[in-house]
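Q: First, the structure itself, so that you have it in front of you.
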Amino acid sequence: AIRLDPKYVKAYYRRATCHLQLMKYQLAVADFKKVLALEPHNDTVRSQLVSTQKLIRKIEFEKAIEFEGEKCAVDRCLEIIQEGTIGGCEVDKAYAGPKLEEVDGKYKITEEFIQGMIEWFKAGKTLPKRYVWEIVLGAHEHFAKGESLVDVAIPDGVTIDVIGDVHGQFYDVLHLFSLTGTPSEKHYLLMNGDLVDRGSWSIEVILLAFAYKWLYPKYMYLNRGNHEAKDMNRSYGFEGEAKHKHGEQSYKLFAYVFTTMPLSTLISATKPPVGKEAEKAIVSEEGFKRYFVVHGGLFSKDGVTLDDIRKVQRIGQQPGQSGLMCMWHSILMLWTDPQEKPGRGPSKRGVGIAFGPDVTQRWCELNKVSGIIRSHEVRQAGYQIEHGGLCTTVFSAPNYVDQSGNKGAFIRIDSAGTREYVQFQAVPHPPMKPMAYLQGGMQQLMMA
């Protein structure tokens, strides 16, 4: 029997709620039971225990009915479109919103459609399922052809803006795009993961980003974040939102296409660095600055090269604690955080690791990279420069989930690799309901 000390009741409860946040449900159950052993009449904790146990059973059931032979969601959606069956495939004649152009039996996206889609979303309306599928499939076509590390060169006269987490904050994304400008031949955008979950308008955000990827594949870039994953979507809202707005098959399509998104981007200048930075910058063999943009951070061991990252077989893989994704350190690219101390340490999140300034220095020198740009963490100023200037965090969801009071920011990089940091504030928006789409038991747990 386990001996329990009453003075640790609050600690057991705090640890249980922390385990819930990290989706370690079995550990949460164990700690809830410890609290109840000491406070058997605590109805709130008992309710949370029951809800957690139900959630575990639900997840286990859903995993059990998923089988490897199930048809790829992309193939299934294309099949449904071709068959013209199972309803919702064809656009309802009564639909009065923006329309995709149809050329030779195929849909084509335009800037006019995207602007109309934005206004449609601002009016609180949704697109037809067929249009949703076309947008996601249009983005997928470009993601699937690329490697896990995408190379983007910045020609003379061109700039690129690196955008951090936006987490379904659609109205802040619209404000952000008013500052960055839309993707164009002279100005690229790179969204560095965590477009979905937590906020109330994840569907609107991801469809806007995917629409621009479909329309401007050479000017719009997206990296995958840790929230572009099934387990996070189940717990933090996107799965429920996608199913509510567009149905089960649409969510399956999103979930699969998330796996095709690249894990990182290498931004390469095409002109020599200027000013004081030119003296100390780590540069490529050609003498140009390069930035490695990844959602989380670096690896659990030294020696991982850019070529290693390019070869990661990501498509169809969910980041987990074992298997191919973990073997190639991909979970670390989505989850790790910087720390002030040298070396590597345990992650405060319970997933991945923390890496120190010496780790960053060695990796940048090995790969001739001028710096790492990552996201994944709230920063009150919207960004923070760490590790002697070699690691920069950028976070683009201002006043995160209407609670944090932080600024948002993005980083503008020119053809010489010079960086400019632009901050912005949150804008007014309809009431956010981040709990609205959480799945069943998880909603009860988070509200308790």
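Q: Give the Debye-formula value of log10 I(q)/I(0) at each listed q (0.14, 0.19, 0.20 Å⁻¹), with one equal scatterer per alpha carbon of the stretch 133-220, two decimals each.
A: Log-scaled intensity ratios, in q order: -0.49, -0.91, -1.00.
Q: Something else now. Which FRET efficiency, nearest 0.05, do K7 and D302 yield, Cβ-Cβ r, R0 35 Å?
A: That gives a FRET efficiency of 0.20.
Q: Taking 1 over the mean of 1/r across every pair of different Cα atoms in the stretch 191-298, what Kirkwood radius in Å do you get?
A: This gives a value of 15.7 Å.
Q: Quick one: Debye curve from the alpha-carbon atoms of the chain only, equal weights, vacuum; give me log10 I(q)/I(0) at q = 0.11 Å⁻¹ to two decimals.
A: Evaluating at q = 0.11 Å⁻¹ gives log10 I(q)/I(0) of -0.90.
Q: Sort the stretch 333-418 into rounded, prolate or oblate with this rule: let a ≥ b ≥ c be the square roots of the eigenvalues of the Cα gyration tensor; rounded if a/c is under 1.5, and if a/c is not under 1.5, prolate when a/b is larger than b/c, oblate otherwise.
A: It comes out oblate by the Cα gyration axes.
Q: Work out which helices of the chain, taken as complete DSSP H runs, extend at least 18 Å along their axis over the Cα atoms and score a mean Kyte-Doolittle of -0.5 or more, then list them.
A: Span-like helices, by this rule, are 25-38, 43-65, 129-145, 202-215, 248-260.
Q: To continue, here is another question. For the stretch 73-138, what is one quarter of the convex hull surface built on the Cα atoms, given in nm²?
A: 4.8
Q: Provide the percentage of antiparallel DSSP beta bridges, counting only those with both residues in the chain; round to the nearest 5.
A: DSSP beta bridges in the chain are roughly 50 percent antiparallel.
Q: Let me ask something else about it. Which lysines, on any chain, are close to K106 with Cα under 26 Å apart, when same-chain ones fewer than 8 places away are left out?
A: Reachable lysines: K71, K93, K125, K129, K145, K213, K218, K243, K245, K252.
Q: Determine the gain in length on full extension of the stretch Q403-C72; use 0.36 nm per residue of separation and subtract their C-alpha separation, reporting nm with one decimal.
A: Full-extension gain reported as 115.3 nm.
Q: Read phi for every residue in the stretch 151-163 and hand back ³J(HN,Hα) as whole Hz from Karplus 6.51 cos²θ - 1.76 cosθ + 1.60, θ = phi - 60°, with x for Gly and Pro.
A: 9, 10, 8, 10, x, 4, x, 10, 10, 9, 9, 9, 10
Q: Rank these by accessible area, largest first, 1.4 Å probe: E241, E102.
A: E102, E241
Q: Add -39500 (n - 2.57) for each DSSP H run of 4 or more in the chain, then divide by its residues: what number comes out at 222 nm, to the nearest 500 deg cm²/dmol?
A: One gets -12000 deg cm²/dmol as the mean residue ellipticity at 222 nm.
The values are calculated or read from the model by the stated rules, or taken from the named source; none is laboratory data. Note that the structure is a prediction, hence the values are computed from the model and not measured. Neighbour counts run over all protein chains shown; Cβ positions are idealised from the backbone, glycine included. Accessible surface areas use protein heavy atoms only, side chains included; no ligands, DNA or RNA. Shrake-Rupley method; radii C 1.70, N 1.55, O 1.52, S 1.80 Å.
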